[in-house]
Structure formats: structure tokens, C-alpha cells
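So the structure is just underneath, and the comments pick up after that.
The values are calculated or read from the model by the stated rules, or taken from the named source; none is laboratory data. These figures come from a predicted structure and were not determined experimentally. Because the Cβ atoms are built from the backbone with ideal geometry, glycine has one as well, and the counts that use them run over all protein chains shown. SASA here: full protein model, heavy atoms, side chains in, ligands and nucleic acids out. Shrake-Rupley method; radii C 1.70, N 1.55, O 1.52, S 1.80 Å.
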Amino acid sequence: MIGAHYSGLANLASPLLDGCGAIFMLHRVGNPPLESGINGFLSVQGDFLQQLLCELKQSGLLFVSMDETIDRLKSGHKDEKYSTVTLDDGYRDNLEVAAPIFSQMQVPYTIYACTGFASAGASLWWEIVGEIINAQPSVSLQSKSGTQNFVCGTSAEKQHAYGALVNLLSSQVDEFEQRQIVSKLAKTYGVDEAAHCKEAVMDWDELRKAAKDPLCTIGAHTLNHYALARLSREEALNECVESARILENELGEKPKHFAYPYGGKTAAGERETDIAEEAGFTSAVTTRHGLLQANHKAHLFALPRISLNGEFQRVHYVKTMLSGFTVPVANRGKRFVTV
Ligand SMILES: [Zn+2]
């Protein structure tokens, strides 16, 4: 039986030693990573998710919805520690693999759906780049600043080339040129961006099906999955407001919660927290590594998360993160993490 080896004594206390709560972050569930391991950190196996939820529940951690998470923060709830599960982007496996696990475990969850992915009009560009590098011995990239060649014969070279390319596309060209470059790459190397999106991500009918699950909350994740901090204020606000409007149109309910695409320093800062609030959301999550503290009551648009990383699929790793030990390590000594 899963978790049967767990010590009775450990059941007495929640593993959340620091803070009042935790928001878990997932992307893909149940999909094996590419052979080269590229993007493997974004995918966890269903077995691991089930074992983790089971052990965390047995050890006394409470799982609540995002609405309740925010209510507890607002009311300064101090009793039992709590957590909530979130999944970014709207991958189909969230419905096919993860939802049945959440249902069996009675764990509420939030899917942050990017409307452009649901319509197959936006590109999962980091996966496209990953697929190309995975399949090619070398990749030649053309941008406004010229042609660059990336050798990607071995697994190590592929990992290195992927890191270099993603870095270039996320920092040396703007968000719009990034998409143009990836589209050109996709054409050159025979990868169909729209077909990839349709294969990977839930369409609107599937999102409607997901939304019917009483355990499921659908949150917003922009129109095009741009790094908002790299857009003008007007463009960034439009990404938030319009995505909420489309989700409401398609699903019949206005989303209250929001996740910043990428969610790191170069994608979401102070300006973006103002924008998310102005767009009418109740909360917004980043990808900064941290636990919820009572003071997050005043920072509901800058909530950190605990990533369930595909490269570290061990329950004890997650328990170490929940202890709070890794938070100052990842945040220059800070325990209280915002943007
Ligand atoms: Zn995302």
C-alpha cells in the first residue's frame, strides 16, 4: 500500500514546518520527457503525484481550493497548515491523468489555462525548440542579429544548446521576434506548431469538461503566454483582461485567479502585480520558490509556489522544500518571498 511504511509518529505533525501554507506547481503529468531529458523538469509521473499526495495527506497536510487558500490568507487563519495544487498551461494530461488522481485523493486543484493554447493559436515555443533540438544534430537560427549555429549531437550538447537557445529567445530578442524565430525554425525543421499545441493542450471542449469537476478551478494564464514584463503596460494588461474575458465566454465563469507565464524575475515584477490586480483577479501566483506566510495577506498578487520538479520525483525532496529549508537558499536569505 502506498505510504504504508510511513511512521505513525510522523503522522502527528504536518510536514509544513515554516509558513502557513504552500501552493504546489505542476505542468505536465504522466508524460515521459524527451529522450534527451529536455523539459523533463516540467513533467512528473502520475505514480509520483499519487504517492506524494497520499503521503502528504497522511502526514497531516490539508489540501484546499485556491479560493479557500486566499480566504485563509485574508482571514489570517492560524490553525492547521494548508496547501493547494496548481497546474500551468492547460495540458491535456491534466484532464486525462491528473484529474482522476485528484478525484481519488479528493484534492482540489487549479488549472491556469492559456487561451491561445486552447485555441491552438499560440505556440508552446519552448517545447517546439526542445523537439527540434532533440531530433537534430545541429540547429541553425536566424535572427535580426545574424545566423547562429548550435551543435546538438550528444545528449549533453542538446541540453547545452537548449539552454543557450532558450536564454537567447527569452532575453536577446523581444517576445514577438521570439515567436517569429521559433515559427521559422519549426518550418525549417518540419515541426507543426499548431498540431503540437493541439496534441499537447486541452481544447475548449476538454477545458469545459475539466471545469465541470467540482474539485477543479480554472484560472487565467494570459492570451499568448508572453513574459508580461517584456511587454508594454497596455499589452500586458490586455493579455490579462482579454484572457479572463475569453475564459468567461467559453466556460461561463469569470476566472478569479491568475498565473504569470514563466513567473520569474524577468517575467513578473511589481508592475505586473499591479496589472493583475487592475485586471480584476483575486490572486496571482509566480514561479518564485517559497511558502505562504501570514504576511502574504498584503501580497495576494505575488504568491510564491513550490514546484514539483520532474527531475526530483522523490517525496522526501518535497518534504525538504516544505520544511522551509530551501526557501532562503533560493532567495538570497529571504524566507518571505514576493516578487
Ligand atoms: Zn505557463
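Here are some notes:
- Additional length obtainable on full extension of the chain from VAL151 to GLU242, 0.36 nm per residue less Cα span: 28.8 nm
- Most mobile listed residue (SER143, SER43, SER283) in the chain, GNM with C-alpha springs under 10 Å: SER143
- Helix-only arithmetic for the chain: the sum of -39500 (n - 2.57) across DSSP H runs with n ≥ 4, divided by the residue total, places the mean residue ellipticity at 222 nm at -11500 deg cm²/dmol.
- Helix 155-171 axis, angle to the chain major axis (alpha carbon atoms, nearest 10°): 90 degrees
- Residues whose amide H falls under 5 Å from that of THR217, counting only those 5 or more places apart or on a different chain, are TYR109, THR110, ILE111, with hydrogens built in the peptide plane.
- Rounded to the nearest 10 Å², the accessible area of HIS316 at probe 1.4 Å: 110 Å²
- Sorting the segments 211-221, 182-192, 105-115 by their mean number of nearby beta carbons within 10 angstrom, highest to lowest, gives 105-115, 211-221, 182-192.
- Label sites at SER183 and SER143, each approximated as a point 7 angstrom past Cα along Cα to Cβ, lie 1.8 nm apart.
- Region 191-339 - percent of accessible surface contributed by carbon and sulfur, probe 1.4 Å: 50 percent
- In the chain, the longest principal axis of the Cα atoms and the axis of helix 66-75 are about 60 degrees apart.
- On a per residue basis, region 82-188 carries 38 Å² of accessible surface, using protein heavy atoms and a 1.4 Å probe.
- Label-point separation in nm, ALA294 to GLU68, each point 7 Å along Cα→Cβ: 2.2 nm
- Figure note: PHE150, PHE24 ranked by solvent-accessible area, largest first, 1.4 Å probe, ligands and nucleic acids not counted: PHE150, PHE24.
- Residue-span extension gain [ASN249 to GLN58] - 0.36 nm each, minus C-alpha spacing: 64.8 nm
- Highest mobility in the GNM of the chain, judged by mean-square fluctuation with C-alpha springs under 10 Å and restricted to VAL285, VAL201, VAL151, is found for VAL151.
- When the chymotrypsin sites (Phe, Trp or Tyr not before Pro) in region 261-339 are filtered for DSSP coil states and for at most 16 other beta-carbon atoms within 10 Å of their beta-carbon, the remaining sites are PHE312, PHE325.
- Sequence-distant contacts, meaning Cα pairs under 8 Å at least 6 residues apart, place the relative contact order of region 73-216 at 33 percent.
- Using alpha-carbon coordinates, inclination of helix 46-58 to the longest axis of the chain, degrees: 20 degrees
- Net charge over other residues, Cβ less than 11 angstrom from the Cβ of ASP88 (K, R count +1; D, E count -1): +1
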